[in-house]
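First the structure, in the form of structure tokens, and then the observations on it.
The values are calculated or read from the model by the stated rules, or taken from the named source; none is laboratory data. Being a predicted model, the structure only gives us computed values, none of them experimental. We place every Cβ from the backbone using ideal geometry, glycine too, and count neighbours over all the protein chains shown. In case anyone asks, the SASA skips ligands and DNA or RNA and just uses the protein heavy atoms, side chains included. Shrake-Rupley method; radii C 1.70, N 1.55, O 1.52, S 1.80 Å.
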Amino acid sequence: MPTFASFDGLQLRYTAWEGEGRPVLLQHGFAADTNANWIAPGVVDTLQDAGLPVISLDARGHGRSAKPHDEASYADDAMVRDVSALLDELGLDEVSMVGYSMGAMIALGAVAADPRIRCLAIGGVGSGIVDFGGVDTRVVTPDAISEALLSEDPATLPPSSAPFRVLADALRADRIALAAVARGTANPKLDLTAISVPTLILAGDTDPLAAEPERLAAAIAGARLVRVPGDHMTAVMHPAFGSTLAAFLTAHDL
């Protein structure tokens with residue numbers, strides 16, 4: 001996995017697979033990484049089978065990238081700026097971008113800020129983006145996620161925040177860094193009206209964090225909504241997720 005220095009010097013890692021056409025940049029969800037979000041569920045294989053070149057970035061605080069413990073390292077759209085820094089590093093003039101959950105929020109911010117992103121697909125989010133600009137706080141708050149990650153007794157956690165701790169522990173993630181991520185990225189500023197590229201929204205049909213995805217689709221000009229089976233953790237694993245994504249990306253690889 002190659003490493004590069006982002007805008008502030010932080011060392012981030014990415015993985016790249018060869019193919020033909022416009023590269024597809026993948027951004028994983030909170031507490032996950034390239035393997036957990038994209039390789040293990042088969043998404044990378046599906047995109048590769050479609051012939052597409054793929055790049056996946058381990059976000060700061062995640063995977064094999066650097067993991068600062070201070071929340072200031074994640075504030076001020078740092079993860080959005082990391083995307084542009086990676087495009088600079090690779091000398092790419094255009095990409096399609098795919099984001100899931102936290103990665104969807106990063107992708108929404110990046111496509112509004114960087115004209116090199118020509119096509120967008122997001123999953124694991126819904127009307128929380130419209131109503132709160134980020135995590136649907138009707139389901140779980142960033143503070144609750146942070147507390148769950150730092151809890152000494154995860155058995156006492158409520159059902160809304162427990163899955164984040166379970167995932168972090170399963171991946172042996174740096175929970176202190178992830179708690180800083182949750183706090184530092186709590187209030188992203190997303191301008192949905194600035195998005196004019198072809199956009200696909202993939203929503204798990206039982207995902208509470210992707211509730212009312214039709215409202216999100218209505219807020220983005222020309223966005224297409226497709227529901228797939230699964231909840232927040234399993235929708236990305238369903239074959240319909242990868243096949244719908246690959247069809248959309250290849251159709252807009254112009």
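Miscellaneous remarks
- Taken together, the criteria exclude Val83 from residues that are among the aliphatic types (A, V, I, L, M), out of contact with any strand residue (DSSP E or B) (no Cβ under 6 Å at 6 or more places or on another chain), open to solvent by 30 Å² or more (accessible area, probe 1.4 Å) and at negative phi.
- Residue match in the range 171-182 (condition: more than 27 Å from Arg60 (Cβ to Cβ) and in contact (Cβ under 8 Å) with a residue 40 or more places away in the chain): no
- Total residues in the range 56-79, condition open to solvent by 20 Å² or more (accessible area, probe 1.4 Å) and of a type in the set (A, V, I, L, M, F, W, C): 3
- For the range 163-200, a residue qualifies if it is surrounded by fewer than 17 Cβ atoms within 10 Å (Cβ to Cβ) and of a type outside the set (Lys, Arg), and the qualifying residues are Val166, Asp169, Ala170, Leu171, Ile176, Asn187, Asp191, Thr193, Ala194, Ser196.
- Sub-6 Å Cβ pairs linking a first residue in the range 234-247 that is over 10 Å from Gly123 (Cα atoms) to a second residue that is of a type in the set (Val, Ile, Thr) and modelled with pLDDT of 95 or more, at least 6 apart or interchain, are His238/Val228; Ala240/Val228; Gly242/Val43; Gly242/Thr46; Thr244/Val226; Ala246/Thr46, ordered by first then second residue.
- Picking from residues in the range 114-143 that are of a type in the set (A, V, I, L, M) and open to solvent by less than 30 Å² (accessible area, probe 1.4 Å), the one that is modelled with the lowest pLDDT is Val140.
- In the range 38-55, the residues that are open to solvent by 30 Å² or more (accessible area, probe 1.4 Å) form Cβ pairs under 7 Å with partners that are modelled with pLDDT of 95 or more and in a helix (DSSP H, G or I), at six or more places apart or across chains, as follows: Thr46/Gly242; Thr46/Ser243; Thr46/Ala246; Ala50/Ala246; Ala50/Thr250.
- Looking across Asp33, Asp88, one residue alone is over 10 Å from the mean Cα position of the chain (by Cα) and of a type outside the set (A, V, I, L, M, F, W, C). It is Asp88.
- Selection within the range 201-254: residues that are polar (S, T, N, Q) and within 22 Å of Val140 (Cβ to Cβ). The member of this set that is surrounded by the fewest Cβ atoms within 10 Å (Cβ to Cβ) is Thr206.
- Counting the residues of the range 1-47 that are in a helix (DSSP H, G or I) and farther than 18 Å from Ile117 by Cα gives 10.
- Checking each residue in the range 2-36 for being of a type in the set (D, E, K, R), in contact (Cβ under 8 Å) with a residue 40 or more places away in the chain and loosely packed, with under 14 Cβ neighbours inside 10 Å picks out only Asp8.
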